[in-house]
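**Student:** Please see the structure below; I have some questions.
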Amino acid sequence: MWLIFTGFLCAAYALQIPKGYNQELLILGLIYLYFSLFLFFCYVPTTIVTKPWSFCLSKIRSFIYSNLSPKIRKIVYGCFVFAVIVVTVFSMPEKEESPRLRRLISLFGLLVFILGTFAVSKHHRKVQWNTVSTALLIQFLLALFVFKTSAGHDIFSWLASFAEGYLRKAWYGAQFVFGDAAANSGVFAMNVFPAIIFFASTVQMLYYVGTIPWLLKKLSVVCISVLNISGAESIVAIASPFLGQSENALLIEPLIPKLTKSEIHQILTCGFATISGSTLYGYIAMGISGQALLTSCIMSIPCSIAISKLRYPESEESEVAHITDIHVEEDTTNIIHAAGKGASIGVNIVFLIMANLISILAILYAVNSFLTWLGNFITIQNLTLELITGYIFVPVAWLIGADDKDLVPVGRLMAIKTWANEFVAYQELTTTYKGVLSPRSEVVAIYALCGFANLGSVGMQVGILNALAPNRAGDISSLAISALICGLLSTWLSASIAGMLI
């Protein structure tokens, strides 16, 4: 298989390079690299990479440790990360859509979110500032790679196009089952739900062939060594953009009863801070930029770690610190069986989304009706929950870098996302506010809304984790609201970084 793939790659490059640069060649090379590494590490232990890396790190660490005190090391490293961000952001040429003043506001917003989270930290003296600084640096470098390099832009543009094109194939299944009229009706359920079921099947097939477990295991080892977090936290953090808040915890089901409070908080925050691949096409179908959504999903991994470890740092001895094994139930006999299992999971997700949308929107409109009725007595027209909290979120909209004329609309969108969910907020963005927001405000709004941090998701996460670990129900429930706020902060932090680099 490797020889056939190598021959195909060589032929593709020989035929296409004389014609000039081709984006598909870059993507083909990356797929070939993944395939080669996958086969290589099936027969060769990863220690041939990790041991030399660990040796070099230990030598550098011993040199630094022998010359600097722990406090000085943290300060120097934090200043280095901050200097990298400041120098990079303000060395870029000023443009009409990206003035330096607006970048300065986004940078100020990043500092406010970080320092504000630290101010309400559960254990101020236990904060691992090296973990926080490294997570922020990784997030910033990833955003810089996407926004400011042609390779990063091409890779994520291709990924977005591929994801959109692949998930659009769900239309054929919907068209066969419901007919042309229903499939082309443009109804929310017909646009979104078939793609969710299709993607859930794809994920289970990738599980069956071993692709996702392999990726999660290798990437979790990197997270453990670079970010100094436990193996359980690493697995869930990396899996969140693939699986979402409902399924990511299933990967570590046997470990949940052993988790510390900080680890439970981190797992909850990861679920709130990002969206899942199964819902990605639903947002793309609404007209949201697939590239921005994909970038935000990946940026949210280190961001959620930084915010969670600021709010609830580790103060206990972890029993799962070095565990990287992925728990996967071997209950599928072939790839067709795996696809069917994925479809059943997708149906459950679809019904959860549908039930949440119906109930939460009904409750929201009931509350708004009461507030409107109440507002009529005090001569306030159209008083709603979104209107009240939308004005509360105006300072946040300013801190993430939205244009001044768009602060109230962006604030209202953030309020809708918090009280209802991101589906409703994105629907408003592409209908009510289409053409109203400036391109800059629209981009930072997409990043700020890209997460499951809403009240409905609290019930879903708490219910799932309580079912997996009934003996930890009290801890899970007590940490849920804190994790929800941290999930919101994570998306705002991603938006402020996007505001600096647009």
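The values are calculated or read from the model by the stated rules, or taken from the named source; none is laboratory data. Everything quoted here is computed from the prediction, not taken from an experiment. Note: ideal-geometry Cβ built from the backbone for every residue, glycine included; neighbour counts use all protein chains shown. With ligands, DNA and RNA removed, areas are computed over all heavy atoms of the protein, side chains included. Shrake-Rupley method; radii C 1.70, N 1.55, O 1.52, S 1.80 Å.
**Student:** With every protein chain kept in the model, how would you rank GLU233, GLU442 by accessible area, 1.4 Å probe, largest at the top?
**Tutor:** The most accessible residue leads, giving GLU442, GLU233.
**Student:** At a probe radius of 1.4 Å, what is the per-residue accessible area of MET190, in Å² to the nearest 10?
**Tutor:** We get 40 Å² for MET190.
**Student:** Rounded if a/c is under 1.5, else prolate if a/b beats b/c, else oblate: with a ≥ b ≥ c from the C-alpha gyration tensor eigenvalues square-rooted, which is the chain?
**Tutor:** Values: a/c = 1.29, a/b = 1.10, b/c = 1.17.
Cα axes put the chain in the rounded bin.
**Student:** I would also like to ask the following. Any idea of CYS10's accessible area? Nearest 10 Å², probe 1.4 Å.
**Tutor:** CYS10 has an accessible surface of roughly 80 Å² with all protein chains in place.
**Student:** Please compute the Cα-Cα pair-distance distribution of region 363-502 with 10 Å bins starting at 0, giving whole percents from short to long.
**Tutor:** For region 363-502, the pair-distance distribution reads 12, 37, 30, 17, 4, 0.
**Student:** Need one value: the accessible area of LYS95 in square angstrom, 1.4 angstrom probe, rounded to the nearest 10.
**Tutor:** 110 Å²
**Student:** If you don't mind, another one. Per residue, how much accessible surface does the chain expose to a 1.4 Å probe? Answer in Å², no decimals.
**Tutor:** 47 Å²
**Student:** Do any of LYS217/LYS309; LYS59/LYS261; LYS95/LYS417; LYS217/LYS258; LYS122/LYS258; LYS59/LYS309 go past 24 Å between their Cα atoms, and which? Intermediate results must be reported in sequence, preceding the final value.
**Tutor:** Working: LYS217/LYS309 22 Å; LYS59/LYS261 34 Å; LYS95/LYS417 31 Å; LYS217/LYS258 20 Å; LYS122/LYS258 20 Å; LYS59/LYS309 27 Å.
Listed pairs above 24 Å: LYS59/LYS261; LYS95/LYS417; LYS59/LYS309.
**Student:** So what is the 222 nm mean residue ellipticity for the chain from helices alone, if each DSSP H run of at least 4 adds -39500 (n - 2.57) and you divide by all residues, rounding to the nearest 500 deg cm²/dmol?
**Tutor:** Using -39500 (n - 2.57) per qualifying helix, the result is -25000 deg cm²/dmol.
**Student:** Given a 1.4 angstrom probe, I'd like the percentage of the accessible area of the chain that is carbon and sulfur, rounded to a whole number.
**Tutor:** 70 percent
**Student:** Next question. Heavy atoms only, probe 1.4 angstrom, no DNA, RNA or ligands counted: give me SER318, SER150 ranked by accessible area, highest first.
**Tutor:** SER150, SER318
**Student:** Further, regarding this structure: I need to check one value: relative contact order of region 43-153, counting alpha carbon pairs closer than 8 Å and at least 6 residues apart, in percent.
**Tutor:** Relative contact order here is 28 percent.
**Student:** Rounded if a/c is under 1.5, else prolate if a/b beats b/c, else oblate: with a ≥ b ≥ c from the C-alpha gyration tensor eigenvalues square-rooted, which is region 14-152?
**Tutor:** Details: a/c = 2.46, a/b = 1.21, b/c = 2.04.
Here region 14-152 falls in the oblate category.
**Student:** Could you compute Rg(Cα) / (2.2 N^0.38 Å) for region 151-288, with N its residue count?
**Tutor:** 1.20
**Student:** If each of LEU57 and SER36 carries a label point 7 Å out from its Cα toward its Cβ, how far apart are those two points in nm?
**Tutor:** 2.5 nm
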